[in-house]
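Working notes for the structure below.
The values are calculated or read from the model by the stated rules, or taken from the named source; none is laboratory data. Treat the numbers as computed from the prediction; the structure is a model and nothing was measured. Cβ coordinates were reconstructed from backbone atoms using ideal geometry, including for glycine residues, and neighbour counts include every protein chain displayed.
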Amino acid sequence: MQHFPLSFVFIAQQIPMRLITIVLVLLFMASGSLQAQVRVQVVVTGPGQQPLRQAQVALRNMNLMTDSLGMANASIAPGQYELLVTAFRYDTLRLPIILTNDTTLYFTLRPNAKLMNEVVVRSSRNVAENQMGRQTISASQLRRLPVLLGEIDPLKTITLLPGIKSGGEASAGIYVRGGGPDQNLVLMDGVPVYNPNHLLGFFSIFNGEAIKDVEVFKGGMPAEYGGRLSSVIAINTREGDKQTTKVSGGIGLISSRLSVETPIVKNKSSFIISARRTYIDQVARLLAKDRVGNNGYFFYDVNAKADYILNANNKLNLVFYAGRDNFTFVNDDDGRNRTFNTNWGNTLGGLNWQQQLGSRLQQTTGLVYNNFGLDSRFGFSTLSFLFASGLRDYQFKTDWQYKSNEKLQLRWGAQYIWHRFRPGAGGITSGVQQFKSQIKDQYAHEAAAYASADWKPNEKWGITAGLRYSYFNQVGPTEKILYGADGVPTGERIVFGKGQSIAQYHYPEPRLNLLYRLSEQASLKMAYTQTIQYLQLATTSSATFPSDLWLPASELIKPGKAQQISLGYFKNFRNNMYELSVETYYKTLTNQLEFRPGAQLLLNQNLEGEMIFGSGVAYGMELFVQKKTGRLTGWLGYTLSRTERTFAELNQGKAFPYRYDRTHDLSLVANYTLSKKWEFSGVFVYGTGNALTLPTGRFGYSIGYNPTAQQPLFTNVNQYTAINDYRMPAYHRLDVSFTYTKRPDSKKKYKSSWNFSVYNLYNRYNPFFIYLDADTDTQTVKGKQVFLFPIIPSVTWNFKW
Amino acid sequence: MKRKQWILDRFHNSHFPLLWRGIKGEVNKQKANYERGLTKWMAAGVAVLLLVGCEKEIDIELKPSNPQLIVEGYINNLLPEYNYVVLSRSQDFFAPDFQSIPVKGAKVTITEGELQPGGTISWDVANKTTMSEANVPNVPVNFRNGVYFDPRLITSPGLSLRGQPGKYYLLEIDAEGKQYSAITHLLPPIPVDSVTSGFPFTDEDGVAKVRITNHYKDPDTLGNRQLYYWRFRENRDNFGWGGLNRSRAPGRDDLTNGEYIRLTHPQGFAAGDTVNYFMASVTVDVWNFWDSFNKVRDNDGPFSTPVSLGSTIKGTDVLGCFSGLSLSGKTVVVR
């Protein structure tokens, strides 16, 4: 292991000139012999000794970025430099320095007291970085934006970025550049999350208190990411303070959260735990006691993270998440004994070891555990119903990075996942009769290896070329019942032994990013990616539910495949105060899975018999303009796009618009600092309505005759012609929030603030859904629109000490 | 009241549409009682949000539909007057008419056939029944338009069309210049061992009710599925398959193949009521059709995908089913 002969520590808030002079003298004295190149290692941390990721370190013309260890390395000719360290929400540090020898410099930055110079979305790398389709939102930004009922939700907030769409009001799904809701790799500190939602999608599982930042890739995915077709949504949680114990939290209308962080060994290791629980049921009981009765719904979640700095070059961290939703309904007031209970949740764990091997080589190795489970039981009259499903993963991954010089950087790595799927075991009891379905567990190996080179041949060009190679093997033990084309079992079964391959796939996934600098302030970028997805989400409905099943690729279910090409123009104005990007993309999707309309999903041992396979295409243009500094910050995002799907069995085989095809999508986000105490945020969104299938005709069926009433008896049945050829009315909404900090300049440890927000300020009745009602009793046919959220004010009190 | 018989069907699907029903119940006061309970828990879960959620009428412009011939044909082995074919036509969704539109004057025949070695069916031309919009006794006058019966029901009821278990039936229709056809098969009927009463409860009107349980042995052949129909106090005078209450098993045949079945229906019966209970063995295509029928009926809400009614009828612009129902029955007095 390479050791640096010298190291220095700087604390940003107290660098008097005297100290700098001493440093300079020391540097001179340490210079035994002048080398051709000296290696500089810079370590940047926050006041609690947490490493600061993506801090920028500038050494004359060289721009470096710190990694997740807060570390940046460079080789540079000896000499005198001005070193500039900048990090989001921290004071900038400027330091003259003379380098004569290999040196390690430690910087502790002071948090920025003034919020005036807020960077809204960090893409100051807008022009310079060879990466498209990536955006990051910080926790502080998340906290300021107005949200429904005051619940901070990173998954909702990212849908304010162009190309990332929500399904509409109260929809759990995220649709990135025409991809489906299961095509996003949602990572919490690198651990994949299969069901990132609570309460049918009203809230995400990510507790705002625990979040550090959110990073989204909607195109140009680096080779280290794979397994999903359309995007990577990486949620990074905070590390605890390594110097003092801190408590923070918030009390909101429907939930409260608390976070405690404390050093375990001062400056070496820390622990943070954040918890949240809702009391929506209690609130509902207060408001409508007779209606709510003893029924209840709540969710809770706990995030914990421990980290330990073994030494300058080695660090460990342990992340943990557990969350659970619980729904109970009991009613026997009319003797029918209805009961319903369902609970579902994720348990995630990850252990990561980050290591610096010399100044150029770095590795991160991790072990990941992931479990999602659903249990539901339902009793109604003489019927009872039980259903359980789930998924469990064990994962190992290792990522390496080698920085050869300023022009060439290499990354490589590998990962392996063992999957166990529980596609659904359950039963229905009707009186004494039981109908039991036991679909055998399924097992699979998923593995991938990748290598990628980031090359900057000259000032103008940047090329990042990578290749990921992925492999998937569904294995036994299992027993497969064979079904005929009519859905009737043939009576035959195939038995697969333990580890015996059932279906095997492997694909190359090339990734390419190109950058051409037009000028210091403008660049052109291009990206091509191929992504493969081996697990697909089986859902009959358009929303995502906890009862949806993740299914492995099998003999019949081929892995999903996407190819995307994107081109973009990036420009900064007014000394980087404004950033502009225009990205266009074209994406094809193959082996897309859908269920036949009316498919039987639960307790169906022949699930695959209900599937149909098709393809999709998505293309569009995204415009993003943001103002990064000044009292007013914010952005404007606009997307013009088209997304289609084609299935031989649907719409007579003709392409039809995807349900979430959105021709126009606009979001406007503004933050304005009114005074030291008051801050204002506003969000306006507009989107073309979702595509919808509505009946064009109707007829009566199951005809009978009631002689007493002298009337025929029949059921009205709808007739459909084309899929998704009706559009819901446009969706638009304005939300505002004000944050009040009572003593912004207080030197006391205790701080608190109030957040007042109003959702849907002008009370727009946005369609939740539309249906047609043919009422035989009144003999009327009507179109009806259901909307959920009118104007909703909320207040949250946040505190920390 | 008719809604109640659907409860069982609903369980057959995912229970989450049911949750949706709950929300909708919340915003739509018209919803039937059984939804009230679900509404409650939904109120617990989403009440804060939904206390203010609402529904409003909107104008929707739909594209014109392509009119379809709707075929509803039955052949069974027990009830000759319940062997009939109804022909009607679909209409635009916003058409003001709420009656079924009969298709009159069609040529409708049903031919019996037998399966030959090698899998072909030989149709017995001598056993071809021409159906007509006849003035059949016991059949209400208003029901006769577009409803085709065997005219022998009037002239020689003993000779009228009756399905034979094991035989195949070919339905041929010549309506408004176009031809349509369908084939159905009558499976061997499965005897109902007994129908017992039990599972007492008090309904929402405070009346003591019991439920009935059907006992039978499921044959050890896959692809044999059952539909259940009953006549009781509330539908005693109704005519037609659509006038009976009915249910289906909540699980598919392959979950209980060859087992002894004791199936309890959620329907409540008053003590002393006489129930004529019928169990129909049907082929998979017929069962699938009625499965799609139940899904079509239940399908609305934000989470649903529109389901089209299945069809077993050949021809263009036609929908419907020719249902071969192999019946066995029991009449019991509920205790």
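All of A:Ser430, A:Ser381, A:Ser359, A:Ser437 fail the test of being at positive phi, hydroxyl-bearing (Ser, Thr, Tyr), surrounded by 18 or more Cβ atoms within 10 Å (Cβ to Cβ) and at pLDDT below 85, apart from A:Ser381.
Name the pairs: first residue in the range B:87-98 and facing chain A (nearest Cβ under 7 Å) and within 16 Å of A:Thr715 (Cβ to Cβ), second residue among the basic types (Lys, Arg) and surrounded by fewer than 23 Cβ atoms within 10 Å (Cβ to Cβ), Cβ to Cβ under 6 Å, at least 6 apart or on different chains? Listed by first residue and then by second, the contacts come to B:Phe93/A:Arg698. What residue, among those in the range B:151-175 that are in contact with a strand residue (DSSP E or B) (Cβ under 9 Å, 6 or more places away or on another chain) and among the aliphatic types (A, V, I, L, M), is nearest to B:Leu327 (Cα to Cα)? Filtering the range B:151-175 for residues that are in contact with a strand residue (DSSP E or B) (Cβ under 9 Å, 6 or more places away or on another chain) and among the aliphatic types (A, V, I, L, M), the one nearest to B:Leu327 (Cα to Cα) comes out as B:Leu161. Pull up the range B:145-166, narrow it to residues that are outside any helix (DSSP H, G or I) and touching a Leu at 6+ places or on another chain (Cβ under 6 Å), then point me to the one that is farthest from A:Pro712 (Cα to Cα). The extreme case among them is B:Pro165.
Selection of the range A:91-110 for residues being of a type outside the set (Val, Ile, Thr), closer than 20 Å to A:Ser138 by Cβ and touching a strand residue (DSSP E or B) at 6+ places or on another chain (Cβ under 6 Å) yields A:Leu93, A:Phe107, A:Leu109. Residues considered: A:Lys749, A:Lys784. Of these, the only one that is of a type outside the set (Val, Ile, Thr), under 30 Å from A:Arg257 (Cα atoms) and more than 32 Å from the chain's Cα centre (by Cα) is A:Lys749. Residues in the range A:748-787 that are facing another protein chain (nearest Cβ under 8 Å), in a loop (DSSP other than H, G, I, E, B), without any contact (Cβ under 8 Å) to a residue 24 or more places away in the chain and not polar (S, T, N, Q): there are none.
Can you say whether A:Lys747 is charged (D, E, K, R), modelled with pLDDT under 85, farther than 26 Å from B:Gln91 by Cβ and out of contact with any helix residue (DSSP H, G or I) (no Cβ under 7 Å at 6 or more places or on another chain), as far as the supplied structure shows? It is true that A:Lys747 is charged (D, E, K, R), modelled with pLDDT under 85, farther than 26 Å from B:Gln91 by Cβ and out of contact with any helix residue (DSSP H, G or I) (no Cβ under 7 Å at 6 or more places or on another chain).
Scanning the range A:239-252 for residues that are surrounded by fewer than 22 Cβ atoms within 10 Å (Cβ to Cβ), out of contact with any Gly (no Cβ under 6 Å at 6 or more places or on another chain) and outside any strand (DSSP E or B) yields A:Thr244, A:Thr245.
Screening A:Ser430 with (1) under 30 Å from B:Arg262 (Cβ atoms); (2) free of Cβ contacts under 8 Å to residues at least 40 places away in the same chain gives one miss only, at (2). Just one of the numbered conditions (1) surrounded by 15 or more Cβ atoms within 10 Å (Cβ to Cβ); (2) touching a Gly at 6+ places or on another chain (Cβ under 9 Å); (3) more than 27 Å from A:Arg698 (Cα to Cα) is not true of B:Glu114: (1). Being within 14 Å of another protein chain (Cβ to nearest Cβ), crowded, with 20+ Cβ neighbours inside 10 Å and touching a residue at least 40 places away in the same chain (Cβ under 8 Å) holds for only one residue in A:Leu607, A:Leu589, and it is A:Leu607.
Evaluated against (1) buried (at least 18 other Cβ atoms within 10 Å of the Cβ); (2) over 24 Å from A:Phe372 (Cβ atoms); (3) touching a residue at least 60 places away in the same chain (Cβ under 8 Å), A:Gly598 falls short on exactly one condition, (3). Residue-level analysis places A:Tyr672 among those that are surrounded by fewer than 17 Cβ atoms within 10 Å (Cβ to Cβ), away from chain B (no Cβ under 14 Å) and in a strand (DSSP E or B).
Taking the conditions exactly as written (more than 26 Å from B:Tyr229 (Cβ to Cβ), at pLDDT below 95 and within 14 Å of chain A (Cβ to nearest Cβ)), does B:Ala126 satisfy them or not? No. For B:Pro191, the conditions (1) within 29 Å of B:Arg225 (Cβ to Cβ); (2) surrounded by 14 or more Cβ atoms within 10 Å (Cβ to Cβ); (3) more than 14 Å from every other protein chain (Cβ to nearest Cβ) all hold with the exception of (2). Return the total of residues in the range B:202-214 being more than 9 Å from chain A (Cβ to nearest Cβ), in a strand (DSSP E or B) and surrounded by fewer than 16 Cβ atoms within 10 Å (Cβ to Cβ). Total satisfying the criteria: 1. Can you tell me how many residues within the range A:112-152 are at pLDDT 70 or above, charged (D, E, K, R), within 25 Å of A:Ser523 (Cβ to Cβ) and more than 16 Å from the chain's Cα centre (by Cα)? Matching residues across the range A:112-152 total 2.
In the range A:393-409, of all residues being out of contact with any Ser or Thr (no Cβ under 6 Å at 6 or more places or on another chain) and either within 14 Å of chain B (Cβ to nearest Cβ) or surrounded by fewer than 17 Cβ atoms within 10 Å (Cβ to Cβ) (or both), the one that is nearest to A:Ala553 (Cα to Cα) corresponds to A:Tyr394. Taken together, the residues in the range A:253-274 that are touching a Leu at 6+ places or on another chain (Cβ under 9 Å) and not in a strand (DSSP E or B) amount to 3.
The residues in the range A:678-709 that are assigned to a loop (DSSP other than H, G, I, E, B), under 26 Å from A:Val781 (Cβ atoms) and more than 7 Å from chain B (Cβ to nearest Cβ) can be counted, and the count is 3.
In the list B:Asn245, B:Asn235, B:Asn276, which residue meets the criterion of being more than 10 Å from chain A (Cβ to nearest Cβ), closer than 29 Å to B:Pro140 by Cβ and touching a Gly at 6+ places or on another chain (Cβ under 8 Å)? Even if it seems obvious, please write down each step before you answer.
Values: B:Asn245 fails: touching a Gly at 6+ places or on another chain (Cβ under 8 Å); B:Asn235 fails: more than 10 Å from chain A (Cβ to nearest Cβ).
None of the others qualify; the one that does is B:Asn276.
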